[in-house]
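To keep things clear, I will list the structure first and then write my remarks on it.
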Amino acid sequence: MTQQERIRLARRAAGMSQNQLAQAVGVQRSAVSHWEAPLGKNPSVSHLREIALVAGTQFEWLATGRGEMPLSKDMQLDSIATAEALLIEDPLEFRLVEAFRAAPLRTRLSLLEVMEELAAQRVGRANGRRGMVSKPGVIVSG
């Protein structure tokens with residue numbers, strides 16, 4: 001299956017018209033038509049990323065045909081693009097995430113513990129942390 005066919009399939013699976021996809025991605029409808037044409041042009045990587053986000057498909061599948069077409073529920077929130085799209089509305093949260101990503105691992109673990117404790121105090125939970133981070137990305141019940 002060609003990239004053009006995958007774009008068309010993703011758009012249709014999302015229940016979108018060419019015009020709706022064009023508006024969501026920020027291009028003219030004719031651009032979407034070109035992307036879907038058998039010998040059409042390929043979209044830029046940034047446009048392909050936007051198509052994947054809007055259509056709810058895996059970027060890798062859309063770009064290369066490898067992997068699965070739809071995003072699983074677990075992958076939706078793990079996607080960096082999705083996280084950036086969710087954070088972009090709140091400048092404070094975006095700054096917090098940028099600073100967290102720039103910090104060394106030890107600092108990240110400390111920051112995580114502080115944030116969990118502050119959040120627990122805010123909602124009035126006695127023991128703030130539900131789990132402890134034993135190593136990066138792994139949370140265990142404590």
Normalise the Cα radius of gyration of the stretch 3-71 by 2.2 N^0.38 Å (N = residues in it) and let me know the number. 0.94
Within the under-13-Å Cβ sphere about MET16, not counting MET16, Lys/Arg +1 and Asp/Glu -1 give a net charge of +2
Work out the length of the dipole vector of the stretch 3-71 about its Cα centre, built from +1 on the beta-carbon of each Lys and Arg and -1 on the beta-carbon of each Asp and Glu, and round it to the nearest 20 debye. 120
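Since every read-out is calculated from the coordinates, none of them should be taken as a lab result. Keep in mind it's a predicted model, so treat the numbers as computed, not measured. Quick reminder, even Gly has a Cβ in these numbers, built from the backbone with ideal geometry, and neighbours come from all protein chains shown.
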